[in-house]
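A short worksheet on the structure shown next.
The values are calculated or read from the model by the stated rules, or taken from the named source; none is laboratory data. Model, not experiment: these values are computed from the prediction. Reconstructed Cβ throughout: ideal geometry from the backbone, glycine too, with neighbour counts over all protein chains shown. Quick note on the areas: whole protein, heavy atoms, side chains included, nothing else; ligands and nucleic acids left out. Shrake-Rupley method; radii C 1.70, N 1.55, O 1.52, S 1.80 Å.
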Amino acid sequence: MVTYVYDFSEGGKDQKDLLGGKGANLAEMTNLGLPVPPGFTITTEACRQFLRTDDTPPELTEQVTKHLDLLESTMGKRLGAADDPLLVSVRSGAAASMPGMMETVLNVGLNDQSVRGLAAQADDPRFAWDSYRRLLSMFGRTVLGVEGFEEVLQEIAAGRPDTALEAADWQQVVDAFQQLIREATGRDFPQDPREQLDLAVRAVFESWNTDRATLYRRQERIPDDLGTAVNVCSMVFGNLGADSGTGVAFTRDPASGASGIYGDYLQNAQGEDVVAGTRNTVPLAELERIDKTSYDELVSIMSRLESHYRDLCDIEFTIERGTLWMLQTRVGKRTPGAAFRIASQLVDEGLIDLDEAVRRVKGEQLAQLMFPQFAPGTDLRLLAVGMSASPGAAVGAAAFTSEEAMARAEAGEDVILVRRETTPDDLHGMVAARGILTARGGKTSHAAVVARGMGRTCVCGADALDVDVRAGLFRTADGTVVTEGDVISIDGSTGEVFLGAVPVEHSPVMRYLEGEDARDELVDAVARLVDHADSTRRLRVRANADNAEDAARARRFGAEGIGLCRTEHMFLGERRELVESLILADTTEARQSALAALLPLQRADFEAIFAAMDGCPVTIRLLDPPLHEFLPGLTELSMRVAVADAAGKAARRDVKMLEAVKRMHEQNPMLGLRGVRLGIAIPGLFTMQARAIFEAAAAHTSAGGDPRPEIMVPLVAAVQELELVKDDIQKVAEAVQRETGAPLDFKVGTMIELPRAALTADAIAEVAEFFSFGTNDLTQMTWGFSRDDVEASFFPLYLDKGVFGTSPFESLDRQGVGALVRTATEKGLAARPGLHLGVCGEHGGDPDSVHFFHELGLDYVSCSPFRIPVARLEAGRAALMDPAISGPT
Ligand code: PEP
Ligand code: MG
């Protein structure tokens with residue numbers, strides 16, 4: 001029989017897939033002997049069964065009964081008993097953290113009788129009725145889908161704060177809530193405690209598929225079929241008076257990584273009050289004053305947890321009448337800077353080794369640390385200071401609702417979403433915004449947690465701001481009013497909020513990468529971990545660079561060569577006219593003279609690049625784009641000729657050019673005369689480029705340098721194409737060698753960017769000395785997606801509908817495009833053992849794709865200079881996570 005239910009004492013932290021993160025960690029804490037309220041976990045497998053069959057598995061009821069019996073005997077109380085009820089919380093808990101995305105129902109077990117029993121036991125009727133109304137609203141909303149509780153409460157409260165409501169008021173609220181449920185659903189709130197429990201469990205399962213949970217998973221790339229576990233935990237109460245309370249804590253600062261005790265505490269409150277950020281909390285340190293015994297116990301548990309998990313832990317706890325209870329712990333989310341600092345600190349503290357430290361930081365985090373920051377010393381108008389919830393510098397127009405943020409972002413505007421506090425319903429707006437600013441809530445509020453997860457800049461709890469969402473404005477302490485559309489700047493590292501657009505500058509990590517002496521603790525941590533990644537990675541990292549300046553920067557960033565030098569950029573600007581002459585040439589002489597004029601210019605380009613990349617391989621791609629890209633547009637030219645014609649002075653060159661543009665017009669230029677086809681169709685073009693490369697190499701060698709050219713032929717579909725071109729290149733090489741006397745060391749290879757090339761890679765490898773996967777075109781050609789059009793047109797819809805979780809142009813589609821890369825790799829290596837293999841599409845700098853290329857055993861990835869540090873780190877991580885290299889992790 002499948003076990004669907006585990007007692008907290010039966011599991012452990014490594015069982016996240018089955019028990020969810022929360023359940024696995026509750027089990028771990030229980031087994032560490034920490035004070036966890038007893039309970040049990042219903043597995044993710046039960047949820048998956050539910051999602052598959054739309055019903056709970058038949059064995060579940062019986063297993064829940066068994067564990068409930070056990071819980072009741074441990075607690076010495078029965079669920080919902082009239083005189084002294086056991087109450088439980090029912091909480092979701094997936095394997096990957098999805099803060100606030102799914103449902104929780106507290107106080108399950110209360111009904112019209114047991115509420116009185118609770119009142120008597122606690123000697124506090126106000127508390128009992130307050131607890132009952134919380135159950136009614138949570139259960140009503142989550143399980144029964146009823147809305148409107150907040151409005152009913154507001155009506156009864158008539159302007160009084162919650163704390164001013166007495167037992168009788170809450171009893172009145174309970175009656176009104178029950179009435180609301182009756183009217184909305186046509187039935188009474190279920191009085192049977194077990195029915196409440198079963199329905200709440202079902203609702204948690206169902207909450208896996210709410211829109212906001214689905215969107216969050218897509219954002220975070222969490223697979224849709226994992227399901228959530230459900231934790232049923234005996235209730236402890238933080239709202240039993242001043243000697244009770246609830247809080248969240250971090251063992252280190254999740255924003256800066258500094259060690260210490262960080263967190264928020266809220267006296268006389270229940271868990272959700274803190275996370276929702278609706279009441280202002282006090283810093284955790286205050287707890288020492290409020291309840292020293294509990295504080296000391298908490299601090300000692302926190303240090304125990306940190307050494308046990310060997311990482312920053314975040315914690316939720318409740319104090320019930322002076323007794324501390326641990327409600328949750330997990331390895332906490334953190335800002336990118338904190339991730340590097342903490343990993344490095346833990347190495348120094350002897351808790352982890354450098355391999356583990358590198359596994360714990362991500363390329364995307366490093367990319368964020370390379371983002372620009374606000375320039376200091378600018379004349380800034382500070383509006384408020386909130387908490388530094390998620391780093392970065394964001395500038396944009398204030399938008400006060402999710403809808404407004406999305407609309408402005410869609411219209412191309414940068415937006416800062418400003419809210420009193422965020423709720424899961426704000427997710428769309430948060431995705432659309434550059435940054436998020438809230439007036440309420442601590443570092444663990446919804447806004448802060450979600451923004452950190454998404455890598456959005458966020459300042460939260462700027463409580464000097466009076467946000468009026470309805471009026472679309474906020475007021476600052478000095479009376480300044482900022483309305484919808486006004487530009488503001490927020491600094492997620494300092495918590496500062498400024499009026500207007502603040503100029504931004506390079507970050508310290510960027511300055512360090514650029515070679516400046518900008519060491520600080522963060523830079524040291526980054527340098528240490530990236531250097532270690534370098535020492536473990538198997539993949540080499542090259543740059544896509546088209547000029548000496550980019551090549552030099554790439555080298556500073558750690559590139560070990562150029563994997564793609566696109567030559568088309570060398571044909572722009574003033575040289576365009578020469579290209580036009582080449583296209584317009586109608587005699588061999590005219591063509592040759594145009595090419596001869598281009599030759600020295602190209603040679604100088606390559607000489608500069610060889611110098612910048614001395615001693616490193618430089619892969620130069622022969623001209624790829626359709627030639628008409630170098631000519632004026634048809635409309636513009638037609639106008640010019642027509643106007644000149646009317647005046648009787650149309651230039652001959654323009655008329656000829658118009659003819660050429662018309663002749664060369666293509667319906668689908670991406671599938672037309674480009675790449676190797678161009679080289680074959682325009683005699684002398686590729687050989688001129690080859691000559692420029694060889695002459696530059698010869699000159700660099702004569703000057704004592706070490707050029708390593710690799711000539712790359714684009715868009716090859718058939719080996720015959722490559723043969724034709726390679727023969728010509730060989731002849732040029734021999735000629736240049738004869739003329740200069742300098743020895744030439746070079747390779748000729750091809751891009752694999754068409755499915756046919758991948759499928760016939762064995763034949764192509766007979767001729768090609770290397771392959772470089774052009775995964776941009778390979779993706780375009782495999783999916784049949786025009787890369788210039790689709791991302792702006794229907795991709796948002798595809799992402800929304802879940803056709804894929806990330807654009808295949810961003811992260812390699814392993815199943816489809818990846819299969820072609822794998823096939824070509826295998827076939828290529830079979831035909832030519834030792835064939836050199838690289839990637840030069842955008843995917844070369846994408847973390848997930850880098851891991852895939854490592855797994856395939858490619859030799860290098862090539863990416864834009866700014867992605868090089870990311871690729872170095874990820875290549876190291878890929879090696880460290882590869883069981884074949886480093887053993888299981
Ligand atoms: C590719 O297709 O992946 C590639 C690198 O070439 P381009 O993007 O220039 O077409
Ligand atoms: Mg291409």
Quiz item: Taking R0 as 56 Å, what's the FRET efficiency between Ala168 and Ala527 from their Cβ-Cβ distance, rounded to 0.05?
Solution: 0.30
Quiz item: Using the Cα gyration tensor of the stretch 253-378, with a ≥ b ≥ c the square roots of its eigenvalues, what is the shape: rounded (a/c below 1.5), prolate (a/b larger than b/c) or oblate (neither)?
Solution: oblate
Practice problem: Can you spot the aspartates and glutamates whose alpha carbon is less than 13 Å from Lys801's alpha carbon? Ignore those fewer than 8 places along the same chain. | Solution: Asp211, Asp224
Practice problem: Just subtract the alpha-carbon distance of Asp414 and Gln730 from 0.36 nm times their residue separation and send over the number in nm, one decimal. | Solution: 108.5 nm
Practice problem: Grab the Cα-Cα distance for Glu288 and Gln121, subtract it from 0.36 nm times how many residues apart they are, and report the gain in nm with one decimal. | Solution: 57.2 nm
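Return one whole number: the accessible area per residue of the stretch 494-622 in Å², for a 1.4 Å probe.
Computed with neighbouring chains in place, this is 40 Å² per residue.
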Quiz item: Just how much of Arg420 is accessible, in Å², when a 1.4 Å probe is used and the result is rounded to the nearest 10?
Solution: 100
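Given a 1.4 Å probe and every protein chain left where it sits, what share in percent of the accessible area of the chain is carbon and sulfur? Provide the component values of the computation, followed by the final result.
Working: 17310 of 35410 Å².
C and S fraction of accessible area: 49 percent.
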Practice problem: Mind putting a number on the dipole of the chain about its Cα centre? Charges go on the C-beta only, +1 for Lys and Arg and -1 for Asp and Glu, and I need it in Debye to the nearest 20. | Solution: 1680
Exercise. Could you estimate the translational diffusion coefficient of the stretch 670-746 from the Stokes-Einstein equation, with Rh from the Kirkwood formula over C-alpha pairs, at 4 °C and 1.567 mPa s, in whole µm²/s?
Key: 98
Quiz item: Considering only Tyr4, Pro336, Leu599, whose Cα is most displaced toward the positive end of the charge dipole of the chain, charges sitting on Cβ of Lys, Arg (+1) and Asp, Glu (-1)?
Solution: Leu599
Quiz item: Which order do Arg576, Arg304 take when ranked by solvent-accessible area (1.4 Å probe, heavy atoms of all protein chains), largest first?
Solution: Arg304, Arg576
Self-check item: Rounded to the nearest 20 debye, dipole of the stretch 1-99 from Cβ charges on Lys, Arg, Asp, Glu
Solution: 300
Practice problem: Place +1 on the Cβ of every Lys and Arg and -1 on the Cβ of every Asp and Glu in the chain, take the dipole about the Cα centre, and give the residue among Gly675, Phe770, Ala651 whose Cα lies farthest towards its positive end. | Solution: Ala651
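Over the Cα atoms of the chain, what is the Rg over Rh ratio if Rh follows Kirkwood? Don't skip to the end; give the middle numbers.
Working: Rg = 32.5 Å, Rh = 31.0 Å.
Rg divided by Rh gives 1.05.
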Exercise. Report, in degrees rounded to the nearest 10, the 0 to 90 angle that the Cα long axis of helix 59-75 makes with the longest principal axis of the chain.
Key: 50
Quiz item: Exactly which trypsin sites (Lys or Arg not before Pro) in the stretch 312-379 are in a DSSP loop and have at most 14 other Cβ atoms within 10 Å?
Solution: Arg321
Quiz item: For Lys66, which lysines qualify as cross-link partners when the Cα separation must be under 18 Å and same-chain residues fewer than eight apart are set aside?
Solution: Lys77
Exercise. Identify, among Phe866, Leu86, Pro37, the residue whose Cα sits farthest towards the positive end of the charge dipole of the chain, taking +1 on the Cβ of Lys and Arg and -1 on the Cβ of Asp and Glu, with the dipole about the Cα centre.
Key: Phe866
Quiz item: With every protein chain present, what accessible area does Tyr860 have (1.4 Å probe, heavy atoms only), rounded to the nearest 10 Å²?
Solution: 0
Exercise. Mind pulling the angle between the C-alpha long axis of helix 652-664 and the longest principal axis of the chain? Nearest 10 degrees, somewhere in 0 to 90.
Key: 60
Quiz item: Can you list the trypsin sites (Lys or Arg not before Pro) in the stretch 517-557 that are in a DSSP coil and have 14 or fewer other beta carbons within 10 angstrom?
Solution: Arg519
Quiz prompt | Within the stretch 133-222, GluC sites (Glu not before Pro) in DSSP loop having at most 13 other beta-carbon neighbours inside 10 Å | solution = Glu147, Glu166
Quiz item: For the stretch 225-306, what is the accessible area per residue in Å² when the probe is 1.4 Å?
Solution: 35
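Pulled fully out, how much extra length does the chain show between Glu10 and Gln154, if you take 0.36 nm times their separation in residues and subtract their Cα-Cα distance?
Values: separation 144, 0.36 × 144 = 51.84 nm, distance 4.39 nm.
Contour length minus the Cα-Cα distance gives 47.4 nm.
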Self-check item: Eligible lysines near Lys731 by straight Cα distance, threshold 18 Å, same-chain separation 8 or greater
Solution: Lys747
Quiz item: Label points 7 Å out from Cα along the Cβ direction at Glu72 and Glu826: separation in nm?
Solution: 5.9
Quiz item: With every protein chain kept in the model, how would you rank Leu215, Leu797, Leu835 by accessible area, 1.4 Å probe, largest at the top?
Solution: Leu797, Leu215, Leu835
Quiz item: Distance in nm between label sites at Phe794 and Glu636, each 7 Å beyond Cα in the beta-carbon direction?
Solution: 3.1
Practice problem: Mind checking the per residue accessible area of the stretch 639-767 for me, 1.4 Å probe, whole number of Å²? | Solution: 46
Self-check item: Residues Thr53 and Leu584, FRET efficiency given R0 of 60 Å [Cβ-Cβ distance, rounded to 0.05]
Solution: 0.30
Quiz item: What is the list of residues in the stretch 102-123 whose amide nitrogen lies under 16 Å from a point 7 angstrom out from the Cα of Asp83, following Cα to Cβ?
Solution: 113-123
Quiz item: Which value, in Å² and to the nearest 10, is the accessible area of Thr3 when all protein chains are kept and the probe is 1.4 Å?
Solution: 70
